[in-house]
Amino acid sequence: MFPSPPPNSNGSGRRQSFVPTATEFTPKAIEARDQVLRLSFITQTIPNIHRYAGIVGLCTVPEDKADMNNLGWHIADFLAFRALLCGDNPPKAQTWLSMCDISALVEAAPQAYTHGKDKRLVGSAVRLEHHGGGSGIAEREDDIQVETSAEALKEKFISAAKEKLKIAEKYKYPLLLIICGLTSLEQDIFFGKLDTDHQYTMKDLRHELGDSISNVEAMVVTPSLFSAGWQINASFGRLDSPIGGDNRAEFLARQFGGIFAQDLVKFFLGWNCPAIDDAKVDARIRRERFPGPVVPSDEVNALISQLKIKIQSYLVGGLSNFHMDHSFSFNKSRDEWEKLIERRERSHDHRALECYEQKWKKLPSAQSLNPTNEGFSFLGNAFGGTRDSQLNHIKCLIEESYLAWPDYWALNFGQETKKDLERFMNTERPGDLECHEIFNVLEHRARTSILADTIVQYFDLPMPHNQRCRDWDHFKWQQELPEKDRVALIRHFGNVLHVVPSPNVPPGINPNYLSRLQMRLESGARYVRAALGIRFLTTKHSSPVAIDRINTCR
């Protein structure tokens with residue numbers, strides 16, 4: 001017996017049939033929203049922070065994973081943000097929480113926790129001295145609070161966010177949340193472990209914060225999962241925030257990462273490459289299928305491979321300027337914040353980049369700058385910068401992917417893919433190419449969910465089961481539909497998102513459309529198909545219009 005269907009959009013308990021019943025065609029509006037709905041981007045530059053902003057910093061790394069070859073680089077991030085922000089804002093305006101005793105870790109290995117290519121020692125940011133009125137060194141309200149219990153840490157985080165939000169709303173100050181540790185592309189927080197019991201979504205947090213969060217400017221900063229730098233969501237608070245550009249295409253391109261990398265690589269290696277001047281190309285040569293020699297030399301092949309990797313990494317890095325370098329950038333001419341959001345020093349209450357740079361340069365560098373465990377070339381110095389830390393990050397990405405797309409992993413195909421991934425995770429030292437391939441595949445799958453969620457949001461479609469794409473179960477949805485409705489969905493919306501290519505594999509890996517890993521994840525297409533079915537399947541004539549507008553993103 002099938003489970004009872006959820007109420008339809010009109011609130012009744014009866015599901016509306018997806019089989020067309022209208023006797024004549026009535027055009028339906030299917031235009032995407034023009035405004036930027038999510039001010040999200042990747043950057044290596046510190047955000048523009050108001051001097052009285054409420055700040056909550058959170059480090060979710062447990063002590064048993066605090067080594068720099070494991071998740072310790074998140075601790076270095078946490079300390080780096082403290083080094084730049086503490087002292088600029090009143091101590092009462094800041095709360096810093098950690099699952100592990102960072103002070104003890106730094107004391108035990110003072111040279112271990114470094115940040116950036118210049119290997120700045122950020123351990124000094126553990127405890128900032130405050131001299132007051134002849135009483136000597138006193139405790140500060142922005143000292144790091146340690147809570148080893150995941151549940152207790154989460155409660156303290158929520159409590160601190162509420163406290164800062166209350167003041168921010170009263171005095172019209174911004175709110176800044178900095179998360180260092182395991183997260184998802186949707187900025188879900190994992191308190192120490194990658195499982196659903198330790199997962200906390202931004203939707204959960206907004207619910208806890210209540211309506212007040214919609215009255216303030218609020219920003220969430222999390223690690224960039226697929227490149228150096230940090231993912232910033234500058235629209236976590238009120239949607240009508242005065243900050244933010246009007247370039248919708250720019251923000252969308254940055255959010256979709258490498259999802260279209262396969263097509264773009266072919267574009268830049270083909271005759272349509274913008275670097276080719278058609279006026280200087282002989283018409284007879286132009287008839288060749290591709291530019292360049294029929295049989296490229298080893299040198300040309302090497303250059304082509306480098307170009308492919310650079311295009312992929314630039315897209316995966318969200319078009320950020322320093323996507324291979326996990327260091328703070330203080331280069332004003334390449335400041336993503338100023339390009340995408342607003343002029344940085346919009347008032348005397350905001351610091352210039354030069355101020356942060358001066359603070360950064362006061363930090364000492366590690367005694368030895370020579371790497372002893374160089375990382376993968378395609379990742380630069382991201383994710384800790386060593387092969388061990390980067391391999392551990394890829395394994396974390398695999399484990400995090402198991403928590404998404406329940407319909408996919410329930411399939412025999414998904415189960416076999418999981419066995420392939422488990423074999424990789426159990427290999428002591430997998431090859432560089434294999435790591436690169438799996439990394440690209442994981443990024444493509446995660447971005448597919450972001451694409452599906454974005455389409456539903458921008459085209460104002462209903463969320464199937466009121467869930468995000470990554471959480472939605474296609475099979476559960478199918479069980480709730482009569483056979484005639486399932487057929488109608490495929491017939492009218494079967495081609496949705498057919499323009500999305502398969503994952504782009506690195507040079508040296510042969511594209512294999514029969515490979516379980518390389519096959520495109522269909523969860524996003526099914527999600528959008530279900531949303532379209534709920535909203536638009538009233539006449540068969542409406543489906544081509546809807547699909548065309550979505551596939552061309554108009």
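The values are calculated or read from the model by the stated rules, or taken from the named source; none is laboratory data. These numbers come from a predicted model, not from an experiment. When we count neighbours, we look across all protein chains shown, and the Cβ atoms used for this are built from the backbone with ideal geometry, even at glycine. Protein only, heavy atoms only, side chains kept; ligands, DNA and RNA dropped before computing areas. Shrake-Rupley method; radii C 1.70, N 1.55, O 1.52, S 1.80 Å.
How big is the gap, in Å, between the Cα center of the range 463-533 and the Cα center of the range 352-367?
Using only Cα atoms to place each centre, the spacing works out to 47 Å.
What net charge do the residues around PRO296 carry, taking every other residue with its C-beta under 15 Å from that of PRO296, with Lys and Arg at +1 and Asp and Glu at -1?
-1
Using a cut-off of 14 Å between beta-carbons, work out the net charge of the residues near GLN467 (Lys and Arg +1, Asp and Glu -1, GLN467 not included).
Numbers: positive: LYS203, ARG468, ARG470, LYS476, ARG526; negative: GLU186, ASP188, ASP204, ASP407, ASP453, ASP471, ASP473, GLU480.
Residues close to GLN467 contribute a combined charge of -3.
Do the alpha carbons of any pairs in LYS170/LYS203; LYS154/LYS418; LYS395/LYS418; LYS65/LYS154; LYS65/LYS193 sit beyond 21 Å of each other, and which pairs?
LYS170/LYS203; LYS154/LYS418, as the Cα separations exceed 21 Å there.
So, by mean Cβ neighbours within 10 angstrom, what's the order for 290-302, 473-485, 512-524 with the highest one leading?
The packing order, highest mean first, is 512-524, 473-485, 290-302.
In the full protein assembly as shown, how much of HIS465 is accessible to a 1.4 Å probe, in Å² to the nearest 10?
It works out to around 50 Å².
Net charge around LEU182, counting only other residues with Cβ within less than 12 Å of its Cβ (Lys, Arg = +1; Asp, Glu = -1)?
For residues surrounding LEU182, the net value is -1.
Relative to the longest principal axis of the C-alpha atoms of the chain, give the angle of the C-alpha long axis of helix 523-536, reported between 0 and 90° and rounded to the nearest 10°.
Once rounded, one gets 60 degrees.
Nearest 10 degrees is fine. How inclined is helix 72-85 to the longest principal axis of the chain, computing both from alpha carbons?
Tilt of helix 72-85: around 60 degrees.
How much length is gained if the chain between SER305 and GLU399 is pulled fully straight, taking 0.36 nm per residue apart and subtracting their Cα-Cα distance, in nm to one decimal?
Fully extending the segment from SER305 to GLU399 adds 30.9 nm.
Counting each DSSP H run of 4 or more residues in the chain as -39500 (n - 2.57), what helix-only mean residue ellipticity at 222 nm follows after dividing by all residues, to the nearest 500 deg cm²/dmol? Walk me through the intermediate numbers first.
Values: 18 runs with 207 residues, N = 554.
So the calculated ellipticity at 222 nm is -11500 deg cm²/dmol.
Enumerate the calculated ³J(HN,Hα) couplings along the range 396-403 in order (Karplus 6.51 cos²θ - 1.76 cosθ + 1.60, θ = phi - 60°), each rounded to whole Hz, writing x wherever the residue is Gly or Pro.
Ordered by residue, 3J(HN,Hα) equals 5, 4, 5, 4, 5, 5, 5, 7 Hz.
Just to make sure I understand: if all protein chains stay in place, what is the order of VAL265, VAL487 by accessible area at 1.4 Å, largest first?
VAL487, VAL265
How much length would be gained if the chain were fully extended between ALA275 and GLU63, taking 0.36 nm per residue of separation minus their Cα-Cα distance, in nm to one decimal?
That pair, ALA275 and GLU63, stretches by 71.3 nm at full extension.
Using a 1.4 angstrom probe on the protein heavy atoms only, could you order ASP118, ASP407 from most to least accessible area?
Ranking ASP118, ASP407 by accessible area, largest first, yields ASP118, ASP407.
What aspartates and glutamates could a cross-link reach from LYS280, if we take a straight Cα to Cα line under 16 Å and drop same-chain neighbours fewer than 8 places away?
Within the straight-line cut-off, LYS280 pairs with GLU288.
What is the helix-to-structure angle for 542-551, meaning the angle in degrees between its Cα long axis and the longest Cα principal axis of the chain, kept from 0 to 90 and rounded to the nearest 10?
Roughly 40 degrees, rounded to the nearest 10.
Could you let me know the centre-to-centre spacing of the range 404-445 and the range 277-332, using Cα atoms, in angstrom?
With the range 404-445 and the range 277-332 each reduced to a Cα centre, they are spaced 28 Å.
Dipole magnitude of the range 426-480 about its Cα centre, charges +1 at Lys/Arg Cβ and -1 at Asp/Glu Cβ only, in debye to the nearest 20? It would help to have the intermediate numbers written out before the result.
Working: 6 positive and 10 negative charges, 27 e Å.
Here the size comes out at about 140 debye.
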